[in-house]
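The values are calculated or read from the model by the stated rules, or taken from the named source; none is laboratory data. Keep in mind it's a predicted model, so treat the numbers as computed, not measured. FYI the Cβ positions are ideal-geometry reconstructions off the backbone, even for glycines, and counts take in every protein chain you see.
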Amino acid sequence: MRRTETALIRLLTIIVIRLLRVMRDQVALVERLRSVGMRATPQRLAIASELFGNTTHPTVESIHIAISAAMPALSLKTVYEAVREFEKLGEVRLFDPGTGSLRVDPHVETDHQHLVCNRCGSVRDVNMASAEQLVTRHDHNFKIESVDIILRGLCDSCSSTANNKKRNTNA
């Protein structure tokens, strides 16, 4: 029983820390919006709360679907506009990984690259400290402002599914 209690306490601690981080991020966003003359509307705050701490690089459409259950009057256009506003503020980065949908990356604190699954379209962050060095090694009288490298392949889940299908056809 003691082991279960310890595990539960650890889980609750993680949840509280994440909630505090989201609350701190939301307070900072409200201040940031007001500092540039924008209102912290319920729609903007709902969109922001869907993004803070999100590591899945959601599509704008998936953000809309997730929020529209609680806010049925929320339009897809409003979500697009809010995400673009957040991008201008430097709160998120928008990118097209070639999966047919624009993705929102709320992880803007550090430079990173992306792993994209060719089968399911999932996107994950990967830190590649050498990416900038790779590009700067070939100067070509060109001022580099950003580096975007997308590594494509199969995620763990799709890779194991592909391996299982291969085994079954060979059996």
- The number of residues in the stretch 146-160 that are exposed (fewer than 13 other Cβ atoms within 10 Å of the Cβ) and out of contact with any His (no Cβ under 9 Å at 6 or more places or on another chain) is 6
- Give me the pairs, please: first residue somewhere in the stretch 140-154 and more than 15 Å from M128 (Cβ to Cβ), second residue anywhere and surrounded by 11 or more Cβ atoms within 10 Å (Cβ to Cβ), beta-carbon distance under 6 Å, and either six or more positions apart or on two chains. L154/C117; L154/R119
- Message: Report every pair of residues separated by at least 6 positions or lying on different chains whose Cβ atoms are under 8 Å apart, first residue within the stretch 40-53 and free of Cβ contacts under 8 Å to residues at least 40 places away in the same chain, second assigned to a loop (DSSP other than H, G, I, E, B).
- Response: P42/M71; Q43/M71; Q43/L74; A46/A70; A46/M71; A46/L74; E50/P58
- Item | Meets criteria (closer than 18 Å to I150 by Cβ, of a type in the set (A, V, I, L, M, F, W, C) and either assigned to a loop (DSSP other than H, G, I, E, B) or at pLDDT below 90 (or both)) for V16 | no
- Query: Quick check, is V83 outside any helix (DSSP H, G or I), β-branched (V, I, T) and surrounded by 14 or more Cβ atoms within 10 Å (Cβ to Cβ)?
  - Reply: no
- What are the residues in the stretch 57-67 that are within 17 Å of S122 (Cβ to Cβ) and touching a helix residue (DSSP H, G or I) at 6+ places or on another chain (Cβ under 8 Å), if any? P58, V60, E61, I63, A66
- Going by the conditions given, is V79 farther than 17 Å from T41 by Cα, touching a helix residue (DSSP H, G or I) at 6+ places or on another chain (Cβ under 8 Å), modelled with pLDDT of 90 or more and aliphatic (A, V, I, L, M)? no
